[in-house]
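Here is the structure we will look at.
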Amino acid sequence: MPYYIFQVTEFPFRQLKKLEQHDQYRDASARVKQLRIELAVGSPSLIKMIHAESELHAEDLLNQVRDPAPELGDD
């Protein structure tokens with residue numbers, strides 16, 4: 001399964017723009033770090049990497065609303 005790199009913009013509405021696709025985690029991770037450094041300070045966009053079966057699956061995973069992680073002491 002490939003690693004997809006997306007630019008995610010939340011305002012005025014959520015937009016996903018596929019930037020790249022890599023077969024190896026190491027290559028994708030290095031590229032994401034480089035893109036995050038190049039992103040303008042104060043930019044409303046985020047750079048996200050996701051491991052998925054297809055581009056459509058990656059978009060679906062990025063659009064899912066996830067519950068926040070439990071805080072320390074939550075039961």
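Please treat every number below as a calculation from the coordinates, not as lab data. Bear in mind the structure is a predicted one, so any value in this text is a computation, not a measurement. Virtual Cβ from ideal backbone geometry, glycine too; neighbours counted across all protein chains shown.
Output the residues belonging to region 19-47 that are assigned to a strand (DSSP E or B) and closer than 14 Å to residue 2 by Cα.
19, 20, 21, 22
If you scan region 17-57, which residues turn out to be of a type in the set (Gly, Ala, Ser) and free of Cβ contacts under 8 Å to residues at least 12 places away in the same chain?
30, 40, 42, 43, 54, listed by residue number.
Go through (1) part of a loop (DSSP other than H, G, I, E, B); (2) of a type in the set (Asp, Glu); (3) free of Cβ contacts under 8 Å to residues at least 40 places away in the same chain for residue 60 and report which single condition fails.
Among (1) part of a loop (DSSP other than H, G, I, E, B); (2) of a type in the set (Asp, Glu); (3) free of Cβ contacts under 8 Å to residues at least 40 places away in the same chain, the lone unmet condition for residue 60 is (1).
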